[in-house]
Protein chains: 2
Amino acid sequence: MILNPDLVPPGHLSGPSRAIRRGGRSNRLAARQNPGGITRSNRQFRNIPAYALLTDETLAEIEQQADWIGSEIGVEFRGDSEAADLFRQAGASVEGERVRFDPGHLRALCSTAPAEYDMHGRDGVNGFTLGGDHLVLMPGYGSPFVTDLDNGRRYATLEDFQNFVKLTYLSPWLHHSGGTICEPMDVPVNKRHLDMVYAHLRFSNKPFMGGVTSPGRARDSLDLVRLVFGDSYLDDHVVIQANINVNSPLVFDSTMSGALRIYAAANQSVAISPAIFGGAMGPVTQAAVIAQTHAEIMVGIALAQLVRKGCPVVYGSFHSTMNLKSGALTFGTPEANLATMALAQLGRRLRVPIRCGGGQITASNSADGQAMQESTSSMMVSVLSGANQIWHAAGWLEGGLTMSYEKFVMDLDHCGMLLRMIQGVNVESEAFGRDAYLETGPGQNFLSTAHTLRHFADANYQSELPEAGQYEAWLENGSPTAEQRANGRWKSMLAKYEAPAIDPAIDEALRETIARKKSSMPDEWY
Amino acid sequence: MILNPDLVPPGHLSGPSRAIRRGGRSNRLAARQNPGGITRSNRQFRNIPAYALLTDETLAEIEQQADWIGSEIGVEFRGDSEAADLFRQAGASVEGERVRFDPGHLRALCSTAPAEYDMHGRDGVNGFTLGGDHLVLMPGYGSPFVTDLDNGRRYATLEDFQNFVKLTYLSPWLHHSGGTICEPMDVPVNKRHLDMVYAHLRFSNKPFMGGVTSPGRARDSLDLVRLVFGDSYLDDHVVIQANINVNSPLVFDSTMSGALRIYAAANQSVAISPAIFGGAMGPVTQAAVIAQTHAEIMVGIALAQLVRKGCPVVYGSFHSTMNLKSGALTFGTPEANLATMALAQLGRRLRVPIRCGGGQITASNSADGQAMQESTSSMMVSVLSGANQIWHAAGWLEGGLTMSYEKFVMDLDHCGMLLRMIQGVNVESEAFGRDAYLETGPGQNFLSTAHTLRHFADANYQSELPEAGQYEAWLENGSPTAEQRANGRWKSMLAKYEAPAIDPAIDEALRETIARKKSSMPDEWY
């Protein structure tokens, strides 16, 4: 039983949310009709414009540079002759593993990707729209460690993984259950994907990411979701997403391109994610990082379209900077933020859903001031840039090495604030409060006006974390930092968790299939 | 002797920085001619566009609501019949202390305010431009307490005040020396302004704010700057700024309007600053807070123009939200951020320099994760909204009750990042790094390319704070938080401080004048 109404997961996507929206005007009208603020069905609507950093002229220059990279340097598909064949048949120039594209060719190949599509949860309720005026948040991805203030930092286990799936399910501010939120290091490498997909399917009902670390694991993931959704459902419904990393610079390895082809063939969401640290996987200058990212994404989207025209994709990016003196990776930096802003614009010009920037990312080892300065900077810029999907929206520490339980709930709070912010300013006449001015006057306070009483309950976002409170009381209480005050929050959430219902026969089928697949292969630990 | 070149204060404002700029094109060209990044003379140039939250149509609706407030409710000038007389002569309706304006009248009265002007430091070097494409950052204002990790929180003293003036002088990221950075509680209330103005003049050479807490203190402040700059210099040079708070809702008291009239008569910068917490000094809805703020600012600017046509002003705002359950003030919230964005747009439509939003503000009691999440959120939004001046850019804790030495240097670091960010993306052909791609190729790293070697030194902003470093070493070192790692930074800055030179005769005149003024009145402690 979920007692806190704020913890009720987002509701059913009603008709309007599935309609293609352009320009935000209809959303703005929707907001006016619902001046009370957030409702379950508008928790992912964006009523504010995306920030436009660069002029169209400059964006066109960057696109030309991406075309130059595609035609003069090209991209290598290592060990995947099927991908190379698809490109050859489409008219690209293929020499060995190197594929080159005439200027404009990549953009043309991307043009069949949908601008917007729905992803469905297993209960038909917890879905969302990717693209257009929608924003989808998901937790961190890929950490081998977890940490909390009680037990410190240690290797993540399957129990940790399940805990983060549960916390994500409980939060109205995360729409997407994530993928490898943390690595269940206590499960053999070649069997982890089975337990992770099961956890997403059993302990949540939000859409999620499947295995990509080998073509077989991709197929296993699809087999499991088919047990839940039915075979034919996937032909015209997107229920699972694949994180396809580019081996920047300009390489797709067969693991990634193989997984891409499997998910694309199943008509499921393929998110192309170059990860470029300027100076290492690309030049040290931002214009180059932006153009290279754009080129690499277009290649991935093009391959998905060649596998299956109309395949749903995400224009993804992840980029950060290095301290070029110490070699340390740095996050939330001005250079990375500028790249986020520019890439969001380039993605919009390609008319596909955008994952831009990093989310709440940081190099910090604990959920301290540095962690939240970097995370907030990166996250605010991603949101204002017009991202449709933001990964790593909660939990990240240590450049992604660690998921922190405390930072997870601190980040969640910021997600809630940002989802409130993107609803924009209500400018209905009621919001101007003329009756309050007529009731008071210069020098009088508004606390007890009828207008304040009508609106105070939902006027402002309410934080879910305990306040520090007044200084003297806080000092007596041991001066707890935000991280320390957050410690109780994730525990109380987990204590309240109840798994969403599942048909026992389907659960049984999932468990049997997983047991069979596991017993069919020896454990691999690396 | 300042050893760290990063600590050299901003350089002389060269010719182009004084020219009126519109649209940013000339700046963008300037940036291209100087691809290396920040130089001393461009540390306040904005090469990125301001974010536009609302449409012109919506902004016009808000302006109509401000006009409604001005005409139907009006503003009270309490105990200042001279101000009321000026408005009466200008055609406003005056009944007792209440002044009302026909729709459009306030905007017309504001039209003589300059869109952009320079403020000059005493050495003719450390000045800046307010307005247009420029951003000026200044430290916190008004805290009765200070805190640091060695000595904890205590009442601020004159020594603390001087320390923050020195730290501000040393930082290239703060252009403005501030005003009452913290309250020197060990100096009598009626004499503090003399010691504060002296500290700004003696320990810095950046422009600053003078006393405003009585008309006499305003006059004293101008007397002291005249000793340094000369009597006639102030007629056509702006060297000092006044923080004119509105007693929201819709009241100017005689202290504030009196100080306003004194600074305006001397042709110095008058910054009008309503401070509205929705639900208390205005309705709880953001549209109302925005419109009321706009109305109150216009009244203040109008008065300054009636005192002296062409008087330099700042369109200021400060607004925050309350937790409407606990009554606690909250900062960096989505509602406050939306108001910041909208007010920046309204200020631009009035064609005057804008101070928007709060800066690095927080309710937190320490420089923890909450502090930096709130501060970063508010600061990022202020910068992207197109603020020309940001107050409280460094040091704030506890809703302004406390200036923290550690948070000050943590905030400074973020200021440096943001000043880098507003320079935008360099898209010169060199920044595309084609030679680096030709030198490497798919799958190869860029660390040792000629392009990386040409650019690595200035490619990325370099943090001035110690890195946390690798996890195991950090753990062995006692897991220091960012706040703890910042502790040494302000000390090393103060240790390197040397006061800028001053003509001994001028210094003597300042000291004598202050001593004479101090001895002319008994101490007042409240």
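Which residue out of A:SER378, A:SER366 is within 26 Å of B:LEU338 (Cβ to Cβ), crowded, with 24+ Cβ neighbours inside 10 Å and of a type in the set (Gly, Ala, Ser)?
Only one candidate passes the filter, namely A:SER378.
When only residues in region B:303-332 that are in contact (Cβ under 8 Å) with a residue 24 or more places away in the chain and hydroxyl-bearing (Ser, Thr, Tyr) count, which is farthest from A:GLN470 (Cα to Cα)?
If we take residues in region B:303-332 being in contact (Cβ under 8 Å) with a residue 24 or more places away in the chain and hydroxyl-bearing (Ser, Thr, Tyr), then B:TYR315 is farthest from A:GLN470 (Cα to Cα).
Out of all the residues in region A:464-480, is one or more farther than 26 Å from B:LEU397 by Cα and not aromatic (Phe, Trp, Tyr)?
No - not one qualifying residue is present in region A:464-480.
Name the residue that is modelled with the lowest pLDDT, counting only residues in region A:443-461 that are under 23 Å from A:LEU170 (Cα atoms) and not charged (D, E, K, R).
Within region A:443-461, the match that is modelled with the lowest pLDDT is A:ALA457.
Considering only residues that are farther than 14 Å from B:CYS311 by Cα and polar (S, T, N, Q), look in region B:228-250 and name the one that is nearest to the chain's Cα centre (by Cα).
B:ASN243
Any idea how many residues of region A:274-285 are surrounded by fewer than 24 Cβ atoms within 10 Å (Cβ to Cβ) and either more than 10 Å from chain B (Cβ to nearest Cβ) or under 18 Å from the mean Cα position of the chain (by Cα) (or both)?
Residues meeting the conditions: 1.
Can you name the condition, by its number, that A:LEU227 falls short on among (1) touching a Ser or Thr at 6+ places or on another chain (Cβ under 7 Å); (2) crowded, with 24+ Cβ neighbours inside 10 Å?
Exception for A:LEU227: condition (2).
What residue, of B:ARG100, B:ARG122, is at negative phi, at pLDDT 95 or above and among the basic types (Lys, Arg)?
Result of the check over B:ARG100, B:ARG122: B:ARG100.
A:SER519: open to solvent by 60 Å² or more (accessible area, probe 1.4 Å), over 30 Å from B:GLY332 (Cα atoms) and of a type in the set (Ser, Thr, Tyr), yes or no?
yes
For A:ARG348, which of the numbered conditions (1) in contact (Cβ under 8 Å) with a residue 60 or more places away in the chain; (2) closer than 21 Å to A:SER143 by Cα; (3) out of contact with any helix residue (DSSP H, G or I) (no Cβ under 8 Å at 6 or more places or on another chain) fails to hold?
For A:ARG348, the failing item is (2).
Can you tell me which residue in region B:347-376 is nearest to the chain's Cα centre (by Cα), limited to those that are of a type in the set (D, E, K, R) and more than 7 Å from chain A (Cβ to nearest Cβ)?
It comes out as B:ARG355.
With respect to B:MET379, is the statement that it is more than 7 Å from chain A (Cβ to nearest Cβ) and not in a loop (DSSP other than H, G, I, E, B) true?
Yes, satisfied.
Being more than 29 Å from the chain's Cα centre (by Cα) and closer than 30 Å to B:ALA52 by Cα is the filter here, so list the residues in region A:53-87 that pass it.
Correct list: A:GLU57 only.
Check whether at least one residue in region A:393-411 is in a loop (DSSP other than H, G, I, E, B), open to solvent by less than 10 Å² (accessible area, probe 1.4 Å) and in contact with a Cys (Cβ under 6 Å, 6 or more places away or on another chain), and report yes or no.
Yes, some residue in region A:393-411 is in a loop (DSSP other than H, G, I, E, B), open to solvent by less than 10 Å² (accessible area, probe 1.4 Å) and in contact with a Cys (Cβ under 6 Å, 6 or more places away or on another chain).
Hand me the list of helices (runs of 4 or more DSSP H) wholly inside region B:135-233 holding 2 or more residues that are of a type in the set (S, T, N, Q) and at pLDDT 95 or above.
Filter on region B:135-233 gives B:158-170.
Condition first: in contact with a Cys (Cβ under 9 Å, 6 or more places away or on another chain) and either crowded, with 24+ Cβ neighbours inside 10 Å or among the small types (Gly, Ala, Ser) (or both). Now tell me which residues in region A:286-305 satisfy that.
A:ILE297, A:MET298, A:ILE301, A:ALA302, A:ALA304
Tell me, which residue of region B:92-118 that is among the aliphatic types (A, V, I, L, M) and touching a Phe, Trp or Tyr at 6+ places or on another chain (Cβ under 7 Å) is most open to solvent (accessible area, probe 1.4 Å)?
Across region B:92-118, the extreme among qualifying residues is B:VAL94.
Tell me, please, whether a residue that is in contact (Cβ under 8 Å) with a residue 60 or more places away in the chain, within 31 Å of the chain's Cα centre (by Cα), in a loop (DSSP other than H, G, I, E, B) and at the interface with another protein chain (Cβ under 9 Å from one of its Cβ atoms) can be found in region B:498-512.
Within region B:498-512, not a single residue is in contact (Cβ under 8 Å) with a residue 60 or more places away in the chain, within 31 Å of the chain's Cα centre (by Cα), in a loop (DSSP other than H, G, I, E, B) and at the interface with another protein chain (Cβ under 9 Å from one of its Cβ atoms).
Every residue, every condition in (1) under 30 Å from A:ASN388 (Cβ atoms); (2) in contact with a Leu (Cβ under 6 Å, 6 or more places away or on another chain), yes or no:
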position: A:THR402; (1), (2): yes, no
position: A:ASP413; (1), (2): yes, yes
position: A:TYR437; (1), (2): no, no
position: A:LEU453; (1), (2): no, no
position: A:ALA457; (1), (2): no, no
position: A:SER463; (1), (2): yes, no
position: A:PRO466; (1), (2): no, no
position: A:GLY469; (1), (2): no, no
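Out of B:GLU476, B:GLU483, B:GLU464, report the one residue that is among the acidic types (Asp, Glu) and at pLDDT below 95.
None of the others qualify; the one that does is B:GLU464.
Based on what the data block shows, is B:ASP220 free of Cβ contacts under 8 Å to residues at least 40 places away in the same chain and away from chain A (no Cβ under 13 Å)?
When the stated conditions are applied, B:ASP220 does not pass them.
Residues of region B:49-78 being of a type outside the set (A, V, I, L, M, F, W, C), out of contact with any strand residue (DSSP E or B) (no Cβ under 7 Å at 6 or more places or on another chain) and open to solvent by 50 Å² or more (accessible area, probe 1.4 Å), which ones?
Scanning region B:49-78 gives B:THR55, B:ASP56, B:GLU57, B:GLU61, B:GLN64, B:GLU72.
Kindly provide the set of residues from region A:315-361 that are among the β-branched types (Val, Ile, Thr), open to solvent by less than 10 Å² (accessible area, probe 1.4 Å) and in contact with a strand residue (DSSP E or B) (Cβ under 6 Å, 6 or more places away or on another chain), ordered by number.
A:THR321, A:VAL352, A:ILE354, A:ILE361
Strands (runs of 3 or more DSSP E) wholly in region B:67-129 with at least 3 residues that are of a type in the set (A, V, I, L, M) and within 16 Å of B:ALA304 (Cα to Cα) - which ones?
none
Pick from region A:441-464 the residues that are assigned to a loop (DSSP other than H, G, I, E, B) and more than 8 Å from every other protein chain (Cβ to nearest Cβ): which of them is least open to solvent (accessible area, probe 1.4 Å)?
A:GLU464
Among what's in region A:414-433 and is assigned to a helix (DSSP H, G or I) and more than 8 Å from chain B (Cβ to nearest Cβ), pick the residue that is nearest to B:GLN286 (Cα to Cα).
Once the filter is applied, the top-ranked residue is A:SER429.
Being over 32 Å from the mean Cα position of the chain (by Cα) and part of a helix (DSSP H, G or I) is the filter; apply it to region B:465-482 and report the residue that is farthest from the other protein chains (Cβ to nearest Cβ).
For region B:465-482, the residue satisfying everything is B:GLU476.
Given the conditions (1) part of a loop (DSSP other than H, G, I, E, B); (2) under 16 Å from B:THR333 (Cβ atoms); (3) aliphatic (A, V, I, L, M), and given that B:ALA371 satisfies all but one, which numbered condition is not satisfied?
Status for B:ALA371: all satisfied but (1).
The values are calculated or read from the model by the stated rules, or taken from the named source; none is laboratory data. Quick caveat, the model's predicted, so the values are computed rather than measured. Note that we place each Cβ from the backbone using ideal geometry, even for glycine, and neighbour counts take in every protein chain shown. When the accessible area is computed, the model is the full protein with side chains, heavy atoms only, and any ligands, DNA or RNA have been set aside. Shrake-Rupley method; radii C 1.70, N 1.55, O 1.52, S 1.80 Å.
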